[in-house]
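Working notes, structure below.
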Amino acid sequence: MVQANRCRIQQRLERIAGFTVEKGRITRPTYSQAWVDAIHYLRCEMEMMGMEVRLDTFGNLVGRYNPGKSTDKAVGIGSHLDTVVNAGAYDGAAGIVAGLELVSMMHETGLQPKRPVEILATADEEGLICQKGYFGARFMTGDMSVDEALSYKNAQGKNLEILRKESGIFAGRPFGSDIGWAADYYSRFIEVHVEQGAVLEENQYDAGIVVGIAGIGRLFFDFRGEADHAGPTVMKGRKDALAAAADLITKVWETGQIYSGSAVATVGRLAHYPNIHNVIAGQAELIVDYRATEDELAQQIAGRIKEYAAALEEKYGVAVRLSHELYTPVLRFSEKLLDEYRSLKIPNTMELFSWAGHDAKAFAQVTDAAMIFMPSIGGKSHCPDEYTKVESFELVCNYLIRLFLSE
């Protein structure tokens with residue numbers, strides 16, 4: 001049986017990691033020059049294997065491998081090319097490299113897939129433009145209108161039109177003419193991903209079949225107090241926006257502890273103004289991220305946090321406003337595709353839930369979709385310490401190849 005090539009896998013991971021906007025660390029936002037360079041690299045890798053390559057008007061790269069000229073619906077496999085700031089080398093890239101390796105295995109041996117295979121390198125999964133996350137996959141699956149897509153802006157206030165133009169990769173192609181192109185296109189979508197947690201490693205499993213994704217919510221809070229001198233202003237007369245925000249941050253942490261095992265709650269983003277050491281903060285903004293394996297529990301957590309935030313107005317004398325909130329429900333992946341994964345009998349595998357959102361969640365709205373996890377050593381992700389052994393890629397590819405050849 002054809003075998004995966006660990007050297008080729010490692011080389012591709014290293015090449016993708018080298019595309020970054022910051023020297024010495026991996027940061028690759030969608031539409032940046034590093035992202036554009038990575039797109040060109042992947043296009044070359046795909047074309048060398050005889051794949052037909054296209055870039056949609058959002059920036060999702062798609063390579064089609066169909067040596068047998070099948071007219072059946074394609075199997076999609078891939079993940080995201082963009083990263084968070086100061087990222088690791090595996091989140092997202094692992095799924096793209098796994099797809100490339102599977103096609104390489106077929107191409108070098110002359111094996112033909114029963115269906116066309118399309119490798120996807122999706123854009124803005126991390127949500128730096130659209131705070132919902134997996135923005136590019138939502139574009140492909142038609143989960144938003146063109147007007148809604150254009151309404152989102154990144155931290156610098158730039159929307160898609162501006163960012164696309166700055167990238168220089170779209171050559172005047174108008175945005176949105178192909179929105180929703182994947183809504184009835186794929187027979188199934190497969191996403192290989194690093195776990196981003198420590199469940200597999202701690203329980204000594206070599207791979208994981210992901211049965212679903214936790215519900216994910218975000219609460220956007222604004223605090224408005226009064227900026228004043230940090231010396232002469234007596235404590236009882238202060239309207240400290242940052243103090244109120246800090247109180248809510250502690251409450252979010254405590255709430256997560258109460259529901260540990262079934263839910264998590266985090267404040268990872270905080271801004272306050274004027275951010276000067278001898279000035280009381282007159283304004284603060286933060287985002288609460290909460291996740292749960294049951295929708296009802298997620299709503300209980302959101303309600304608890306919102307109720308506490310409202311009570312901070314009287315305690316600190318500041319105005320507290322919930323400016324925006326988002327929630328994507330708990331998703332159970334396709335049992336049909338999960339059974340296909342199970343039939344592969346990948347050794348030493350467990351079934352588990354994902355606590356992070358992924359492109360597969362968007363694709364699950366329009367086709368059979370499911371994920372396979374590889375262990376994250378130390379449970380680390382979204383940081384430079386992120387690491388998954390190349391042997392994990394070998395294992396998954398050596399078994400997953402059967403799905404492409406046996407149907």
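The values are calculated or read from the model by the stated rules, or taken from the named source; none is laboratory data. What you are looking at is a predicted structure, and each value in this text was computed from that prediction instead of being measured. Cβ coordinates were reconstructed from backbone atoms using ideal geometry, including for glycine residues, and neighbour counts include every protein chain displayed.
Give me a count of the residues in region 368-400 that are surrounded by fewer than 23 Cβ atoms within 10 Å (Cβ to Cβ), of a type outside the set (S, T, Y) and part of a helix (DSSP H, G or I). Final tally of qualifying residues: 8. Is region 43-55 home to any residue that is surrounded by fewer than 23 Cβ atoms within 10 Å (Cβ to Cβ), in contact with a Phe, Trp or Tyr (Cβ under 6 Å, 6 or more places away or on another chain) and outside any loop (DSSP other than H, G, I, E, B)? Looking for residues that are surrounded by fewer than 23 Cβ atoms within 10 Å (Cβ to Cβ), in contact with a Phe, Trp or Tyr (Cβ under 6 Å, 6 or more places away or on another chain) and outside any loop (DSSP other than H, G, I, E, B), one finds none in region 43-55, hence no.
Looking at Y290, Y308, just one residue is outside any strand (DSSP E or B) and in contact with a Lys or Arg (Cβ under 9 Å, 6 or more places away or on another chain), and that residue is Y308. Kindly check whether there is at least one residue in region 69-84 that is surrounded by 21 or more Cβ atoms within 10 Å (Cβ to Cβ) and over 21 Å from A362 (Cα atoms). No: region 69-84 contains no residue that is surrounded by 21 or more Cβ atoms within 10 Å (Cβ to Cβ) and over 21 Å from A362 (Cα atoms).
Could you list, in sequence order, the residues of region 235-272 that are more than 30 Å from E294 (Cα to Cα) and in a loop (DSSP other than H, G, I, E, B)? Within region 235-272, R238, K239, D240 qualify.
This table checks each residue for (1) assigned to a helix (DSSP H, G or I); (2) farther than 18 Å from E191 by Cβ.
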residue: S79; (1), (2): no, no
residue: I96; (1), (2): yes, no
residue: I119; (1), (2): no, no
residue: I129; (1), (2): no, yes
residue: E148; (1), (2): yes, yes
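For G59, the requirement of being in the same structural domain as G18 (by TED's automatic domain parsing) and closer than 26 Å to L326 by Cβ is met. Taking the condition without any contact (Cβ under 8 Å) to a residue 60 or more places away in the chain and outside the structural domain of A244 (by TED's automatic domain parsing), does D339 pass? Criteria met by D339. Can G63 be described as among the small types (G, A, S), assigned to a loop (DSSP other than H, G, I, E, B), under 24 Å from I169 (Cα atoms) and touching a residue at least 24 places away in the same chain (Cβ under 8 Å)? Criteria not met by G63. For region 341-362, the set of residues classified as in a helix (DSSP H, G or I) and more than 22 Å from T122 (Cβ to Cβ) consists of R342, S343, listed by residue number.
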